[in-house]
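Readers should treat all values here as calculations from the given coordinates under stated rules, not as data from a laboratory. If you're wondering where the values come from, they're calculated on a predicted model, not measured in any experiment. All Cβ positions, even for glycine, are placed from backbone atoms using ideal geometry, and neighbour counts span all protein chains on display.
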Amino acid sequence: MRREIPLLITGIVGVVFIVSYFIPHWPFSQMNNWFSDWFSIIQACAIFLGALNLLMVSSQKIARKAEGWGYAAVIIATFIMMVGIGFSGGVGFREAAGFDWLYRFMYIPLSATMFAILGFFVASASYRAFRARNVEASLLLVAAFLVMLGRVPVGDMVTSFMPDGSQMSDLASWIMNFPQKAGQRAIMIGIALGLVSTSLRIILGIERSHLGGGD
Amino acid sequence: MSPRRSTTGARPPVLCSCLLIPLVFFFLFLTNSASLAQGETEVVDTTATTPLAPVTSLLAQDFKYDDGDKLMLTWVPSIDDIPVTGRVTAYEVYQICNNGEPHRIAELLPEVSTFRVEELHRDSSYQFYVLALAEDASAQSVVTAAITPEQEWLKWNWLNLMVMTIVVCGAVMVFIKTATKGRKLFVRKIAGLEAVDEAIGRATEMGRPILYIPGINDMDDVQTLASLTILGHVAEQVANYDIKIRMPVARSLVMTAARETIKAGYQTAGRPDAYTDDMVSYITDEQFGYVAAVNGIMVREKPATVFLLGAFFAESLILAETGNSVGAIQIAGTARPAQLPFFIAACDFTLIGEELFAASAYLSDEPKALGSLKGQDVGKGIAMAAIIIGVTLTTLATLTGAEWMSSATELIRSWFVVTD
């Protein structure tokens, strides 16, 4: 029963979602919303599990004085601080001065810092990807070079002697609109069909390893 | 002396012209400013005296293919609604329910000419009017005739999508049935999946842990489910080789599901005692907070193998490059086309789109699952046929100018377009 009930729920919910996509009539129109609401409720309840796990793992690290236990102490301290300030703000805690300040002036800058690292990683990854090791990599290198050149003003300056419509920016647009888009669409068609197939396997109960085991 | 004289003699005309030219410009400027000011005043005067034109041809229609809770309003914008220089600042939509009092249901920007009214009742009748608003005036349209929303059973405008769904799902089910009967099905080799066991073996040899990242979406994303099915196979191998697996997650539900999956893997391998809950740990739902924590784990623990399988967004390259920098062998896979180039650039093996979904069937080698993979091929066949026929007809229509070829292309295209 431990596995059959989740499979039954998955099957029913999956079928209802597919049917409600094509039948707008009651009860399908409402069932779709109900299931979405239920998922949100379960998701909200599950956050307690996550928070509890985070505190337990971090506490154990501190108790064992495991490597990097200082980070665990920071996690617990900041967790207690955010929760404490949030609760003290009452119902309108989002607008409360302390909570808002911590979010805007601590979380957002830290988050932006992480995101900013991406710029450097793009450079290092591009360096590796664009090394002309074989024919495919060389084609990638040439295409990338042309697209990059076509995206900056100097690209059109270099090809200024060419007639209108044959400038570097036009070539870059052509690469993006035709070969690139064709390849991306092929991948997207594959993804869509893969989604259909995987969803059917889950709805029919063929795929059940996410529930913990095969049979 | 004479040249000097002559020079000094020429000075008065130069001085004159120097003074005259600015004066002329100043005069022209004043004249122009005055005329502009006059013009502005005139415009203001005109608008102040001219009444604002209301919207016209206001029509309330039933919204097709809904549960009978929507109506569609369309109108022709006021003739005073001109981009940039127009007088109309906004439109207000008013609703009258069962001949009651009108009440405002929406305020719209200029140039808008449609509005979908929602949350209506099938047992009530509705009338509407639109108020065009300007700084100094307003104009009301005519009130529409009373209308009651209607309910439909099927979205007939999505008939093409319905047929495609039935065909593809039918094909998948037929092939599952065929595979169950014992027919041998060919599935091409997927390099990324062939490398899974090799990558686990490497971690065993190096005595370092495996890091498994299931993306940052929740259990309602099929990519996360696909990732967890691969995790089942990985967990079994990890248990067999007795190595350490670390799985930091960004969603609490994924944490509980992943624990069940890994536990089942250990049970299948006959080592349930070796499983501990701390193999999977929740970090945070926040995208970059999670990334910071995972990067920290990578740098501190230096895993031998990193799996990046699931739904990834801007963090894909940050994670993959950090994994690369610590020398881990990386197997990545996602169904988000925008993130695939990053994985291809930074990882050793990448499961491209559908390969991620095919992974569980491929690794399990179960006939039913393999049958579902073959069913996908029918969908691909239809897509390929439509593309080839469409491209050929479009090219020939352009070359020959034949009308019927253009119509045929349009017909094929309409079968793959979903209209709302």
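Just a few scattered comments:
- Counted over the protein assembly as shown with a bin width of 10 Å, the fraction of Cα pairs per bin, in whole percents, is 3, 11, 17, 19, 20, 15, 8, 4, 3, 2, 1, 0, 0.
- The alpha carbons of region B:56-140 give a radius of gyration and a Dmax of 13.6, 43 Å, in that order.
- Charge dipole (debye, nearest 20) of chain A; +1 at Cβ of Lys and Arg, -1 at Cβ of Asp and Glu: 620 debye
- Percentage relative contact order, chain B, counting C-alpha pairs under 8 Å, at least six apart: 14 percent
- Kirkwood Rh (inverse of mean 1/r, distinct Cα pairs), chain A, angstrom: 24.1 Å
- Cross-link pairs beyond the 21 Å C-alpha cut-off, checked among A:Lys61/B:Lys302; A:Lys181/B:Lys374; B:Lys263/B:Lys368; B:Lys189/B:Lys380: A:Lys181/B:Lys374; B:Lys263/B:Lys368
- Computed about the Cα centre, the dipole magnitude for the protein assembly as shown is approximately 2440 debye when only Lys and Arg (+1) and Asp and Glu (-1) carry charge, each at its Cβ.
- Cα-Cα separations in region A:89-128 greater than 12 Å, expressed as whole percent: 65 percent
- Peptide A:43-50 - average C-beta neighbours from other chains (10 Å radius): 5
- Computed over the Cα atoms of chain B, pair by distinct pair, the Kirkwood hydrodynamic radius stands at 28.8 angstrom.
- For B:Ile245, residues with placed amide H under 5 Å, excluding near neighbours: B:Ile210
- Per the Debye calculation on region B:185-365 with a single equal scatterer at every Cα and no solvent contribution, log₁₀ I(q)/I(0) for q = 0.16 Å⁻¹ amounts to -0.89.
- Stokes-Einstein diffusion for region B:95-213, with the hydrodynamic radius set to the Kirkwood value over Cα pairs and evaluated at 20 °C in a medium of 1.002 mPa s, equals 97 µm²/s.
- In the protein assembly as shown, taking the dipole from charged Cβ atoms about the Cα centre, the farthest positive-side position among A:Ile203, A:Gln30, B:Leu159 is held by A:Ile203.
- Across region B:56-140, C-alpha contacts under 8 Å between residues 6 or more apart give a mean separation that, scaled by the residue count, equals a relative contact order of 33 percent.
- What the phi angles of region B:138-152 give under the Karplus curve with 6.51, -1.76 and 1.60, with θ = phi - 60°, is a coupling list of 8, 9, 9, 7, 6, 8, 6, 5, 5, 9, 10, x, 10, 9, 10 Hz, glycine and proline written as x.
- 5 angstrom amide H check on A:Arg151, placed H, neighbours 5+ away: none
- Remark on B:Leu351: its backbone amide H falls under 5 Å from those of B:Ala332, B:Gly333, B:Thr334, a criterion applied only to residues 5 or more positions apart or on other chains, H modelled at 1.01 Å from N.
- Taking 24 Å as the straight-line reach from the Cα of B:Lys70, the lysines in range (excluding those fewer than 8 positions away in the same chain) are B:Lys155.
- Separation of the B:Ser414 and A:Phe120 label points, Cα + 7 Å toward Cβ, nm: 5.7 nm
- With the biggest extent put first, the Cα atoms of region A:112-215 measure 68, 34, 33 Å across the principal axes.
- Listed values for region B:321-335 are Karplus-derived 3J(HN,Hα) couplings in whole Hz (6.51 cos²θ - 1.76 cosθ + 1.60, θ = phi - 60°), namely 6, 5, x, 5, 5, 8, x, 7, 7, 10, 10, 10, x, 7, 9, and x replaces Gly and Pro.
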